[in-house]
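Beneath this line is the structure, given in C-alpha cells, with notes to follow.
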Amino acid sequence: MKIEHGTISVIVALIISGCAGQGHIPVDSAFWSSVDTRVGVALARFPGPEVVVSAADTSMVFGGSAILSGPGLEYHEHPMRLYETRTLRDASREFRAQGLYKIRSLFVQGLATRGLGAFPVGQDIDLETLERFTGHGSGDEYAGRDYRNLGRSMHADHLIVVCLERYGAICRYIGLENYQVEVFAQVSAEMVETATNRLVWRTGYRDGPYTALVEASCARPDHVPLILEALDALLGDVAVEVTADFFSSAPVSGHPDPPSAPVRLCDKHLLLAPASYYP
C-alpha cells in the first residue's frame, strides 16, 4: 500500500499529549555500540478509532464524541450522511489496530540482528499513570513522562514507546455523494535511557498523519470490511516506516525497507479539534 503524509493542524500538533515531542531526534550514535544493553519495546495505550464525516458545509467526528462546526454551517444534509455511515461507525468500535502491533517484533528482530538484546513488552503502557518528568535536566532532550521506575521494573536499560495518537477513516462528501474515503493514522515513538530519562531517539511530528485512499464507499455496508482492512494495512505500513526511521542511522544494514516516498496531502474541509475534545 502506498502511504502518504498529510499536513497536520498546528493546534493539534501543539496540544496532543503523546509520547513524542515536536522535533525529530536521530538515534544517539553511542547506542549502537552499547554492550549488554536490554531494550524493551512497548506500545502506549491508545484511544478508539475515529470516523470523520467531512463535507464543504460541515464536518463531524465520531469516536471522540465531538461535533465540530463553524459559523453559518448547514446541517440539513447531514442526517442522511449519518444514516448511511452508521454501519462503519458501529464496526469501528470493534477495531483493535492489530496491524500496528507488529512494530514490536520489527524492533526486536532488527535490534537482535545488530547484536543488541531486546524484548517486547506484552502489556500496553498507560501513559496517564506515569508522572511528568521534572528531574534534573528536564527539557526537550528528556522524555515528558518519567520512565525510570518502569524501566527498572522491567530490567530495561532503554525503553522504546510507540504512541498511536489518532487514527480512523475520513468519509468525504459533496452534497450526498461520498466521493472519497481515506484512512489515516498519527503515530509517534521515542526511545528513553531509563537510568536518566534522556531521549535517545524520537520521531517527532515532522510529516503529519499517515494517510491512504481507499476504493470504497462509506455509504455501503459491504464496503466496511474493506475500509477497516485498509486502515489495518496502513498501520502495518506505518510500523515498517517508523522502524525504518529508527534503523536508518545504524552501522549495520538489514532493517526493513520503508514504503515508497510519501506525498504531502491537505484537506481544507477537515476541521481538527484540540486533544481535549477527545475523551
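The values are calculated or read from the model by the stated rules, or taken from the named source; none is laboratory data. Computed from a predicted model, the values in this text were never measured in an experiment. Here Cβ is always computed from backbone atoms with ideal geometry, including for glycine, and neighbour counts include all displayed protein chains.
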Going by the structure shown, is ALA91 free of Cβ contacts under 8 Å to residues at least 12 places away in the same chain, surrounded by fewer than 21 Cβ atoms within 10 Å (Cβ to Cβ) and in a helix (DSSP H, G or I)?
-> no
Residue pairs meeting the criteria (Cβ under 9 Å; at least 6 apart or on separate chains; first modelled with pLDDT of 90 or more, in the range 16-39; second surrounded by fewer than 18 Cβ atoms within 10 Å (Cβ to Cβ) and aliphatic (A, V, I, L, M)) = TRP32/VAL252; ARG38/MET154
Taking the range 154-196 and keeping only residues that are acidic (Asp, Glu), surrounded by 23 or more Cβ atoms within 10 Å (Cβ to Cβ) and more than 23 Å from VAL27 (Cα to Cα), one is left with GLU182
What number goes with the only condition from (1) surrounded by fewer than 15 Cβ atoms within 10 Å (Cβ to Cβ); (2) polar (S, T, N, Q); (3) modelled with pLDDT under 95 that THR85 does not pass?
-> (1)
Output for Cβ contacts, cut-off 8 Å, separation at least six or different chains, first residue touching a residue at least 24 places away in the same chain (Cβ under 8 Å) in the range 102-123, second basic (Lys, Arg), reads GLY117/ARG38; ALA118/ARG38; PHE119/ARG38; PRO120/ARG104; VAL121/ARG104
Residue hits (the range 108-139; assigned to a loop (DSSP other than H, G, I, E, B), modelled with pLDDT under 95 and surrounded by 13 or more Cβ atoms within 10 Å (Cβ to Cβ)) are ARG114, LEU116, PHE133, SER138
